[in-house]
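First comes the structure, then the notes that go with it.
Derivation of every value follows stated rules applied to the coordinates shown; laboratory data play no part. Model, not experiment: these values are computed from the prediction. Glycine gets a Cβ as well: all are built from the backbone with ideal geometry, and neighbour counts include every protein chain shown.
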């Protein structure tokens, strides 16, 4: 099967910027109390292993590990995975796609797409959410972080490099509808306004796969 174009361009772009992105993003959590609060809540609620899907250089995986979570990372970009393994040598990182996770059914207590589903076209969100649902155990939690809006932004230059990367903004209400259609139950929603250099409001959703009857 031919790989969708967006996977190829996303992988190539993040391979290109991996080292510079890691350097620039390393201290972002220190300046963002909302991010830390949402991740802290998720860490307190989750029970079992957690996959950080679209982990990039591993900074969120490492933060969750520091909060006591059994976290590991998965990323489409081999370059990002190489950086993550260097940055966090004691943690597990693998190359993989959120459209086809190499994980057993019901094997996770939690999963997160921390600004990673933003690179997936809107029409493929149901397939991604179905894959998250498949790998979560009953009662498992999914955390999504995203830019709020209705448009798509194309980046042709970033972190000092020429790239080709689309970022799809999303509406929390629409995401909640899609997640409900996939079988998730809402748990927590957080909305905040832009800070620093952000161009759009930011959204966070925690949803739960229903516990077995």
Taking the Cβ of each residue in 191, 197, 82 as the centre, tally the other Cβ atoms inside 10 Å and list the residues starting with the fewest. 197, 191, 82
How much of the DSSP bridge set in the stretch 65-154 is antiparallel, in percent, rounded to the nearest 5? 10 percent
Based on the mean of other Cβ atoms within 10 Å per residue, sort peptides 143-149, 182-188 so the most packed one is first. 143-149, 182-188
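As an exercise, use a Förster radius of 30 Å and the Cβ-Cβ distance of residue 70 and residue 95 to find the FRET efficiency, rounded to the nearest 0.05.
Values: r = 20 Å, r/R0 = 0.67.
Taking R0 as 30 Å, the efficiency between residue 70 and residue 95 is 0.90.
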Write down the percent of antiparallel bridges among all DSSP beta bridges whose residues are both part of the stretch 1-106, to the nearest 5. 10 percent
How much FRET efficiency would the formula 1/(1 + (r/R0)^6) give for residue 122 and residue 161, where r is the Cβ-Cβ distance and R0 is 41 Å, rounded to 0.05? 0.95
Percent antiparallel among DSSP beta bridges confined to the chain, rounded to 5, stands at 55 percent
With the crude spin-label approximation of a point 7 Å out along Cα→Cβ, what separation in nm comes out for residue 154 versus residue 8? 1.6 nm
Which label belongs to the value computed from this structure, given these candidates for Kirkwood radius over Cα pairs in Å: (1) 23.9; (2) 17.2; (3) 18.2? (2)
Separation of the stretch 23-87 and the stretch 119-160 by C-alpha centroid, Å? 16 Å
Chain lengthening between residue 196 and residue 177 when straightened (0.36 nm per residue, less Cα-Cα): 3.8 nm
